[in-house]
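Down below is the structure, laid out as structure tokens.
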Amino acid sequence: MSRENMLTKNVGTWDRIIRFSVGVLIVVAVPLWVRSPWWLAILGAFGGGQIITAINGY
């Protein structure tokens, strides 16, 4: 694979910590207040995306 096609990590250590914390907070806290299944799905996906980004760093 050529160097042009490779992704570079652009998430620093503090950014990863903040993203993971916010993602967990969203995934855990949203079901306590949101009763609409659509908002629950949207915010759950957003929180999950934050967690995945924090874990793999891309």
Exercise. For region 1-37, which residues satisfy the criterion of being more than 17 Å from Ile51 (Cβ to Cβ) and either in a helix (DSSP H, G or I) or within 10 Å of the chain's Cα centre (by Cα) (or both)?
Worked result: Arg3, Glu4, Asn5, Leu32, Trp33, Pro37
For this session: Scan region 35-55 and report the pairs whose first residue is free of Cβ contacts under 8 Å to residues at least 60 places away in the same chain and whose second residue is surrounded by 14 or more Cβ atoms within 10 Å (Cβ to Cβ) and not in a helix (DSSP H, G or I), with Cβ atoms within less than 8 Å and a gap of 6+ or a chain change.
Result: Leu40/Val34; Leu43/Val34; Thr53/Val11; Ala54/Val11
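Every read-out reported here was derived from the displayed coordinates using simple, explicitly stated rules and does not represent laboratory data. Because the structure is predicted, anything quoted here is derived from the model rather than measured. As a convention, Cβ positions derive from the backbone with ideal geometry for all residues, glycine included, and neighbour counts pool all protein chains shown.
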